[in-house]
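The values are calculated or read from the model by the stated rules, or taken from the named source; none is laboratory data. Just so we're clear, the structure is a prediction, and the values are computed from it rather than from any experiment. All Cβ positions, even for glycine, are placed from backbone atoms using ideal geometry, and neighbour counts span all protein chains on display. For accessibility, only protein heavy atoms count, side chains too; no ligands or nucleic acids. Shrake-Rupley method; radii C 1.70, N 1.55, O 1.52, S 1.80 Å.
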Amino acid sequence: MENSTQESHLRSENSVSYESPYPIYGMSFSPSHPHRLALGSFIEEYTNRVDILSFHPDTLSLTPNPSLSFDHPYPPTKLMFHPRKPPSSSSDLLATSGDYLRLWEVRDNSVEAVSLFNNSKTSEFCAPLTSFDWNDIDPNRIATSSIDTTCTIWDIERTLVETQLIAHDKEVYDIAWGEARVFASVSADGSVRIFDLRDKEHSTIIYESPHPDTPLLRLAWNKQDLRYMATILMDSNKVVILDIRSPTTPVAELERHRGSVNAIAWAPHSSTHICSAGDDTQALIWDLPTLASPTGIDPVCMYSAGCEINQLQWSAVQPEWIAIAFANKMQLLKV
Amino acid sequence: MEGSSGVRKGAWSQIEDNLLRDCVNLHGEGKWHLVPKRAGLNRCRKSCRLRWLNYLKPNIKRGDFSEDEVDLMIRLHKLLGNRWSLIAGRLPGRTSNDVKNYWNTYMRRKVHSHKKDNNIEKQADEAKPIVKHHEVIKPVPRTLSKTSPWLQGKFVNSSKVGVSEEGATSISGSAGNWWETLLDDKEDNAVNNNNTCFFGGADGEFNLWSEELTSIDCDFVTQGESWSDFLLDLQG
């Protein structure tokens with residue numbers, strides 16, 4: 001049991017559950033439809049589904065919308081709604097990654113496939129994509145990461161490759177925009193690298209995992225304070241906090257999880273809060289201090305799910321809600 | 001590398017397998033240079049590692065490849081060529097050895113006829129993806145502080161280089177200021193930021209890290225693949 005005096009538990013009356021017919025992984029809150037969520041299935045076969053749910057905070061309920069459910073090839077590795085409200089339209093744009101980057105239009109009662117993006121020169125197949133990030137400053141750009149060691153910047157309107165970079169020495173597992181022309185990525189080669197599209201001939205390594213064969217799995221860039229990023233290492237209970245002005249040396253390592261960390265998310269409304277979740281079935285919220293503590297940092301909030309938590313999203317439109325995914329369940333936690 | 005004279009080679013015995021399995025179960029994977037001694041095996045570490053990864057690891061799948069696995073293997077091989085470890089990484093429970101052997105045994109002859117089937121599928125594909133040609137750029141990575149010890153001299157193909165100020169770039173030439181460009185741009189785009197700085201540059205923090213750095217185990221086997229192979233794949 002945690003000994004932190006600041007610790008408090010999220011109670012069941014502050015959570016909403018949804019049980020899916022299949023395991024889930026990808027999740028996204030819609031910025032333009034505040035009560036809409038997308039969930040992607042995680043079935044290790046070709047046939048997978050994406051479901052659209054409606055969240056009702058007044059009745060604390062989640063209801064699926066069957067007419068907005070659609071087939072998706074392979075489990076979506078990431079789901080993301082368009083970061084802004086599209087002008088004069090009630091429909092939503094949803095991007096999914098997997099065997100390709102795909103764009104879907106979510107209308108009132110149907111979902112249409114809009115675009116399919118392929119960056120392969122010689123093949124009708126695209127190298128499998130591990131993740132992507134939609135540029136919220138310039139929403140015409142999406143950056144994808146792939147097992148073929150490349151990151152690709154896409155022009156969404158023209159469905160073309162704007163830039164493709166051989167970003168790392170091994171598979172690239174996650175990617176995140178910092179601002180309009182700067183992104184960062186993490187890789188099986190154990191490094192966090194920053195790229196500036198104004199200087200495509202160089203990248204900057206700002207962190208390398210302390211053990212040479214330990215991949216980095218996820219990356220979160222603090223949008224409230226772009227000097228800070230967080231990353232996690234494979235099979236590690238640490239959340240590593242990086243300051244891009246102090247390359248290679250983490251400013252903090254959060255080590256209270258008792259199993260591997262699977263997901264991290266900065267608070268969308270605070271520059272010092274971050275949430276992490278992992279195999280110890282816990283979701284922890286941390287408040288990062290201004291001075292490093294000699295005894296280590298304790299989380300300010302803890303929630304226990306029934307089993308390993310695989311995915312985590314912190315809603316930007318309703319920042320009092322965090323979504324976690326474990327097994328077949330998705331839960332919304334109020335913070 | 002362990003001294004080759006006297007080290008046992010050839011088929012592994014059941015006793016050796018048990019010793020290796022017990023050792024990995026106790027100490028975990030990695031640090032393969034310590035495994036022969038810990039396990040009491042007269043084997044080189046590479047042999048121990050390969051034995052574990054290809055045969056003894058508990059999650060390895062046995063038996064024939066399923067239709068889905070074969071289909072995925074074909075697609076991945078088309079993308080990645082003979083990079084068996086990458087392909088195997090996408091086939092849960094399969095080792096790179098299994099994938100390579102399966103391909104070389106069954107697929108070399110079949111792949112030609114499969115391409116014909118592929119053409120038929122391609123014609124019927126309504127959502128045919130748009131294939132556009134574009135240049136693929138390989139940025140040169142750099143770090144802005146001391147090189148990690150475990151990289152020094154270990155990688156022939158290392159793409160890591162020291163700080164270069166030769167060419168004019170949009171990033172400030174001074175190493176200490178490269179990130180200011182990033183932050184300046186942020187202001188131009190009016191990104192909301194309350195400028196909270198929640199970590200001081202505490203000396204203790206860095207000293208602690210330096211200590212960890214000096215103790216990093218530098219002895220490790222690289223699995224790096226040649227960049228030229230990869231580039232040929234991309235350009236071909």
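Worth a mention:
- Spacing of the two label points (7 Å from each Cα toward its C-beta) at A:S110 and B:I60, in nm: 5.2
- Placing +1 on the Cβ of every Lys and Arg and -1 on the Cβ of every Asp and Glu, with nothing else charged, gives segment A:179-284 a dipole about its Cα centre of roughly 320 debye.
- The stretch between A:N65 and A:V300, if pulled fully straight at 0.36 nm per residue, gains 81.1 nm over its current Cα-Cα span.
- Buried area at the B:A interface is about 6900 square angstrom, summed over both chains, from accessible surfaces computed with a 1.4 angstrom probe.
- Computed over segment A:225-334, Kirkwood Rh from alpha-carbon pairs, angstrom: 14.1
- Near A:Q164, the amide H atoms lying under 5 Å from its own belong to A:I153, B:I137; only residues 5 or more places off or on other chains count, and H is placed 1.01 Å from N.
- Dimensions of segment B:14-56 based on its C-alpha atoms, expressed as ranges along the principal axes with the largest first, amount to 21, 19, 19 Å.
- Only one residue of A:S54, A:G259, A:Y303 has its Cα farthest out toward the positive end of the dipole of chain A, where Lys and Arg carry +1 and Asp and Glu -1 on Cβ, and that residue is A:S54.
- Shown in residue order for segment A:62-71 are the 3J(HN,Hα) couplings computed by the Karplus curve 6.51 cos²θ - 1.76 cosθ + 1.60 at θ = phi - 60°: 10, 10, x, 10, x, 6, 9, 8, 8, 6 Hz (x for Gly and Pro).
- J(HN,Hα) series, segment B:67-74, from Karplus relation 6.51 cos²θ - 1.76 cosθ + 1.60, nearest Hz, glycine and proline x: 4, 5, 5, 5, 4, 5, 4, 4
- Sequentially through segment A:73-81, phi angles give Karplus couplings (6.51, -1.76, 1.60; θ = phi - 60°) of x, 6, x, x, 7, 7, 10, 7, 7 Hz, Gly and Pro residues having no value and appearing as x.
- Additional length obtainable on full extension of the chain from A:N140 to A:E162, 0.36 nm per residue less Cα span: 6.9 nm
- Charged-residue dipole, Cβ positions (Lys, Arg, Asp, Glu), chain A about Cα centre, Debye nearest 20: 520
- A protection proxy built from the mean count of other Cβ atoms within 10 Å ranks the segments B:53-62, A:63-72, most packed first, as A:63-72, B:53-62.
- Considering only A:R49, A:R102, A:R245, the Gaussian network model of chain A with Cα springs below 10 Å gives its largest mean-square fluctuation to A:R245.
- Spin-label model distance (nm) - B:L34 vs A:S90, 7 Å beyond Cα toward Cβ: 6.4
- The shape of chain A can be summarised by an equivalent ellipsoid whose semi-axes, obtained from the alpha carbon gyration tensor, come to 28, 26, 17 Å from longest to shortest.
- Taking every protein chain into account, the accessible area of segment A:225-334 amounts to 30 square angstrom per residue (probe 1.4 Å).
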